[in-house]
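Computed from the coordinates by the stated procedures, all read-outs in this text should not be read as laboratory data. These figures come from a predicted structure and were not determined experimentally. Cβ sites come from the backbone with ideal geometry, for glycine too, and all protein chains shown count toward neighbours.
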Amino acid sequence: MLAALVAACRYEPSLDPCRVSCASGGCPAGMSCRGDGFCHEGAADEPFTACPMDVDASDLDAPSLDGSEPPPMIFIPAGPFVMGSDDSEGDADELPERIVTLSAYSIDQHEVTNAQWRACVSAGVCSPPSSINSRTRVGYYASPEFDDYPVVYVSWTQARVYCVWAGKRLPTEAEWEKAARGGCELVEPATCGAEDERTFPWGEAPATCDRANFDPAPECVGDTDRVGARSPLGDSPYGVQDLAGNVWEWVQDWHDLYPPGDVTDPTGPFTATERVQRGGGWSIDASALRVANRSKVEVTNQVWIRGLRCARSP
Ligand SMILES: [Ca+2]
Ligand SMILES: [Ca+2]
Ligand SMILES: [Ca+2]
């Protein structure tokens, strides 16, 4: 029984079609798409054991990006950070402001690019975006000119499959926010305090087009931009790029109100109806770029302003 459950959660090329199409309901006979985004045995309303966040990808060949260097990741040390907002500044779903402690992890320095995504498609694992265009660029996804631009038009399930293929996983919502805001160790004192409540990845300075690709009316670019184009001005305290703006980013968690109190390595509610996206994007105003901002989206949604980045433990 355990072996069967583990097998169902392992990355198996033969199971890949069910993973890729899970969000649209397509699973092999006898399996159905469940709340963790994977196909499991049985009907959709039967009990199941959710796949672990760290899917065993040891059977996979290491991703090959046509000889280029693997995408850089930033190590985030274990420790506490201030998560959420108090009721004077945030939306209702950002409350309460609290101290969350995370284990060490690593996160992609930049958003997943078109070239990276194409390597996963070439490996026979990922499915292509639902459109090969961006808002203003025909053939965006396939054009070498946009190799280093963020992939868009990918669903939550597609995003999860990509990260598994890369030997990683989607970041939890807390990991995303800590990467954007910085841990309490960064500014003295080492404990958590008001000095650690940054509004944007770069701090308290207003959002501008040299820090983020967003919409201060008029829009900075009016479409996606090259990943890292605003580094280091727009970087987070850890040097992670474009967390604010360019494209919204899928994270692991379902969307719901936060549980009260301090928490350790939170993974969000077990199930809900929509997943969280973070960071705002190229046609979104500055308030959505705040590190604490949350937005919810159907897992099947594919749109020209959302992509992803991946994380890994540690
Ligand atoms: Ca501090
Ligand atoms: Ca972003
Ligand atoms: Ca919001």
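Shown here is the pair-distance distribution of the range 53-314: with all Cα-Cα distances grouped in 10 Å bins from zero up to the longest one, the shares run 8, 33, 38, 18, 3, 0 percent. In this structure the amide hydrogen of Lys296, modeled in the peptide plane, comes within under 5 Å of the amide hydrogens of Gln277, none closer than 5 places in sequence on its chain. Just to confirm my numbers, what's the Cα centroid distance between the range 119-179 and the range 218-264 in Å? Each part reduced to its Cα centre gives a spacing of 15 Å. Only Cα sites of the range 209-274 enter the Debye sum here, all with the same form factor; the resulting log10 I(q)/I(0) across q = 0.12, 0.16, 0.20, 0.26 1/Å is -0.47, -0.72, -0.85, -1.01, listed in q order. In this simple spin-label model, placing a label point 7 Å from the Cα along the Cα-to-Cβ direction at both Glu89 and Asp147 gives a separation of 4.1 nm.
What's the extension gain from Ala44 to Arg135 if we count 0.36 nm per residue and subtract their Cα-Cα distance?
Details: separation 91, 0.36 × 91 = 32.76 nm, distance 3.59 nm.
Between Ala44 and Arg135, full extension yields an extra 29.2 nm.
Seen from all sides and averaged, what is the projected area of the convex hull of the Cα atoms in the range 134-214, in nm²?
On the way: hull surface 31.5 nm².
Result: 7.9 nm².
May I ask you to work out the translational diffusion coefficient for the range 261-314 at 10 °C, viscosity 1.306 mPa s, via Stokes-Einstein with Rh from the Kirkwood sum over Cα pairs, reported in whole µm²/s?
Details: Rh = 13.4 Å.
It diffuses with D of about 119 µm²/s by this estimate.
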